[in-house]
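J.: Below is a structure I'd like to ask you about.
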Amino acid sequence: MNVTVFGFTEAQISGFFLTFGVGAFIAYMLFIILQLAWESKAGKLGTFVLLLALGFGTTGYIAKQVIQWWLSK
């Protein structure tokens with residue numbers, strides 16, 4: 001039984017949202033981190049430390065996407 005929603009299968013929908021949905025979430029988190037640095041007047045070093053500490057988790061996801069793209073070439 002192959003159920004489709006608006007002509008897309010469940011695998012296509014989940015693949016789309018795992019790629020672009022998580023990417024949009026990462027961009028929103030980057031905005032939040034930069035807004036936090038701006039409002040706290042952290043300076044250049046403080047902003048770097050915030051981006052390094054709070055943005056470190058996103059590095060793994062981005063690296064995973066790049067590695068998958070590179071291996072599929």
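J.: For residues that are of a type outside the set (Val, Ile, Thr) and more than 21 Å from residue 66 (Cα to Cα), tally how many sit in region 13-52. It would help to see each step written out before you state the result.
T.: First, pick out the residues of region 13-52 that are of a type outside the set (Val, Ile, Thr): 14-18, 20-21, 23-25, 27-31, 34-46, 48, 50-52.
Pick out the ones that are also more than 21 Å from residue 66 (Cα to Cα) and you get 31, 34-46, 48, 50.
Matching residues across region 13-52 total 16.
J.: Continuing with this model, one more query. In region 34-64, which residues are part of a helix (DSSP H, G or I) and of a type in the set (A, V, I, L, M)?
T.: Of region 34-64, the ones part of a helix (DSSP H, G or I) are 34-39, 43-54, 56-64.
Across region 34-64, the qualifying residues are 34, 36, 37, 45, 49, 50, 51, 52, 53, 54, 62, 63.
J.: Tell me which residues, restricted to region 1-33, are aliphatic (A, V, I, L, M) and within 21 Å of the chain's Cα centre (by Cα). Spell out the reasoning first.
T.: Narrowing region 1-33 to residues aliphatic (A, V, I, L, M): 1, 3, 5, 11, 13, 18, 22, 24, 26-27, 29-30, 32-33.
If the condition is that a residue be aliphatic (A, V, I, L, M) and within 21 Å of the chain's Cα centre (by Cα), then 11, 13, 18, 22, 24, 26, 27, 29, 30, 32, 33 are the ones that fit.
J.: Related question: Using the structure shown, decide if residue 43 is loosely packed, with under 13 Cβ neighbours inside 10 Å, modelled with pLDDT of 85 or more and at positive phi. So that I can check it myself, show each step before the final result.
T.: Working: loosely packed, with under 13 Cβ neighbours inside 10 Å: yes; modelled with pLDDT of 85 or more: yes; at positive phi: yes.
Answer is yes for this residue.
J.: Can you work out which of the residues in region 1-21 that are at pLDDT 85 or above and of a type in the set (Val, Ile, Thr) is nearest to residue 63 (Cα to Cα)?
T.: Ranking the candidates gives 13 first.
J.: Would you mind finding the one in 28, 61 that is aromatic (Phe, Trp, Tyr) and touching a residue at least 24 places away in the same chain (Cβ under 8 Å)? Quick ask: steps written out before the conclusion?
T.: Working: 28 fails: touching a residue at least 24 places away in the same chain (Cβ under 8 Å).
After ruling out the rest, the residue left standing is 61.
The values are calculated or read from the model by the stated rules, or taken from the named source; none is laboratory data. Here the structure is a predicted model, which means the values were calculated and not measured. Note that each Cβ is placed from the backbone with ideal geometry, even for glycine, and that neighbours are counted across all protein chains shown.
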